[in-house]
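Below is one structure, written out as structure tokens; comments come after it.
The values are calculated or read from the model by the stated rules, or taken from the named source; none is laboratory data. Source: prediction; values computed, not measured. All Cβ positions, even for glycine, are placed from backbone atoms using ideal geometry, and neighbour counts span all protein chains on display. The accessibility values were calculated without ligands, DNA or RNA, using every heavy atom of the protein model including side chains. Shrake-Rupley method; radii C 1.70, N 1.55, O 1.52, S 1.80 Å.
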Amino acid sequence: METTWFKESKQAWIGLASLWIIGFIGALTRFIMAFFQVQIAHDLQISRGFISMAWSTNLLIAALCAPLGGWLVDRYGPKKVMLLSSFIGILGTGTVVFGHHSILFFVGYGIISGFVGIGTSTTYILIFDWFRHHRAKATGLLASASSLGLAISTPIFVSESWLTWKDAFLAAFILGIVVTLPVIWFGIRSASWKEQLEDKASDAAAAKAGDVQEQARIRSGFAMHLPILPVVAGALFACGFNMGTVEMNLAAIHQSANVAPGTIALSMSVLGMMEIVGSLIFGYLLDRVNKLGMMTLLYGIRIAGFSLLFMHLGWSPVIFAFAFGITYLSAIPGGLLIVNEYAGGKGKQTGWLLLFHQGGGILGAFIGGVSFDYFHHYQALIGMDIVICTLVAFGYFFLYTTRKTRKTRKRSTQRAMHPEASA
């Protein structure tokens with residue numbers, strides 16, 4: 001009998017720990033593009049628009065690869081796809097490290113690293129496969145890896161002025177070879193995926209054998225909740241746009257507003273730490289509270305955060321980091337958990353939904369660089385974030401209220417049809 005920890009299998013927690021290590025290392029690349037944009041532009045003699053184009057190209061390729069990656073996961077399993085994705089990431093990072101040229105920077109980061117997107121859906125599929133009682137908590141814990149990596153990397157590179165973006169890329173390259181590949185090889189079990197494929201095959205055989213009533217119930221439930229899919233897709237697009245704004249342009253936004261370097265470093269650390277806290281808080285609540293209501297609250301907090309950032313008040317950087325950080329890593333798993341409840345999230349479906357997220361990231365990053373080159377500020381970009389988040393918050397709130405009303409009417413109808421049961 002398999003050992004269980006907190007109602008989940010021991011192997012599930014070991015797998016989560018492996019994914020956490022991989023995410024922690026992956027935070028280095030995210031940190032580089034968030035903090036060193038000005039230095040990269042200066043060292044390579046390129047514009048911020050060029051860097052935004054490299055970022056956007058990376059996200060575009062990753063977005064197009066997401067559905068392909070979902071199909072590959074369904075066919076070959078997540079472990080093989082993760083290994084391939086990691087090999088590609090190491091190749092892209094190595095091209096930047098040993099290239100020392102603007103064109104090779106674009107090729108390595110913008111093009112080659114973009115194909116890492118084939119592994120985008122693997123972690124979510126693994127978590128949904130491994131966990132039954134703590135899915136939201138597991139995704140929250142996993143998300144904390146990237147946040148903790150950001151929180152640790154920022155003070156190290158700020159306090160040690162001799163460390164540059166090239167050193168960070170080199171560290172990511174070495175850690176990818178020495179740590180990431182072995183962790184995937186030894187920490188991710190492929191046998192469980194084969195077992196799941198066998199279970200799916202047996203389930204399909206049982207369905208074909210004549211469980212018509214159950215299949216009709218599933219189809220009916222799925223059709224009833226179809227409006228959720230476009231709302232979640234739009235929410236993931238908005239989340240991507242927000243992330244493109246923050247990860248690519250936040251440090252530059254503060255610098256253009258003449259924020260002191262110490263305050264910028266503090267805000268980046270707060271952002272990383274609040275991502276950890278927020279992922280755990282929302283992970284806990286998403287397992288217990290109505291998910292549509294929680295996602296409405298999440299985007300409401302983002303609206304408040306971006307509004308403060310737009311006003312550029314004295315403590316706007318730190319307050320924005322607090323507000324946005326607490327919601328940063330919960331929008332994607334929250335949306336996917338909602339869809340998973342109603343449509344049984346498969347690899348291809350998850351890949352297509354993540355395509356919307358990547359598309360938003362492309363526009364957020366690209367518009368940020370282009371709008372700065374044209375307007376010499378980022379106000380238009382921040383304003384777009386506020387508008388998009390407002391639309392998503394209304395979308396989730398509409399779904400929450402309509403489904404709550406539907407349940408109330410259903411209970412009233414049942415009482416009217418069976419008064420003796422209510423008595």
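Numbers below:
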item: Set Phe306, Phe322: member being of a type in the set (Phe, Trp, Tyr), part of a helix (DSSP H, G or I) and more than 28 Å from Thr401 (Cα to Cα); result: Phe322
item: Listing of helices (runs of 4 or more DSSP H) fully contained in the stretch 1-111 that carry 3 or more residues being crowded, with 23+ Cβ neighbours inside 10 Å; result: 10-35, 48-76, 78-99
item: Of all residues in the stretch 125-138 being closer than 15 Å to Val339 by Cβ and modelled with pLDDT under 80, the one that is least open to solvent (accessible area, probe 1.4 Å); result: Ala136
item: Cross-chain or 6+ apart pairs with Cβ under 6 Å, the stretch 169-185 first and among the basic types (Lys, Arg), then assigned to a helix (DSSP H, G or I); result: none
item: Test for Ile46: is it modelled with pLDDT under 90 and more than 26 Å from Asp129 (Cβ to Cβ); result: yes
item: Trp352 surrounded by fewer than 24 Cβ atoms within 10 Å (Cβ to Cβ) and without any contact (Cβ under 8 Å) to a residue 12 or more places away in the chain; result: no
item: Filtered residue count, the stretch 294-306, keeping only those that are closer than 22 Å to Glu341 by Cβ and open to solvent by 40 Å² or more (accessible area, probe 1.4 Å); result: 1
item: Failed criterion for Arg48 (all others in (1) in contact with a Phe, Trp or Tyr (Cβ under 8 Å, 6 or more places away or on another chain); (2) at positive phi; (3) not hydrophobic (A, V, I, L, M, F, W, C) hold); result: (2)
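To keep it simple, each residue is scored yes or no on (1) under 17 Å from Ile332 (Cβ atoms); (2) modelled with pLDDT under 90; (3) surrounded by 18 or more Cβ atoms within 10 Å (Cβ to Cβ).
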{"residue": "Ala260", "(1), (2), (3)": "no, yes, no"}
{"residue": "Met273", "(1), (2), (3)": "no, yes, yes"}
{"residue": "Ser279", "(1), (2), (3)": "yes, yes, yes"}
{"residue": "Leu292", "(1), (2), (3)": "yes, no, yes"}
{"residue": "Leu308", "(1), (2), (3)": "no, no, yes"}
{"residue": "Leu313", "(1), (2), (3)": "no, yes, no"}
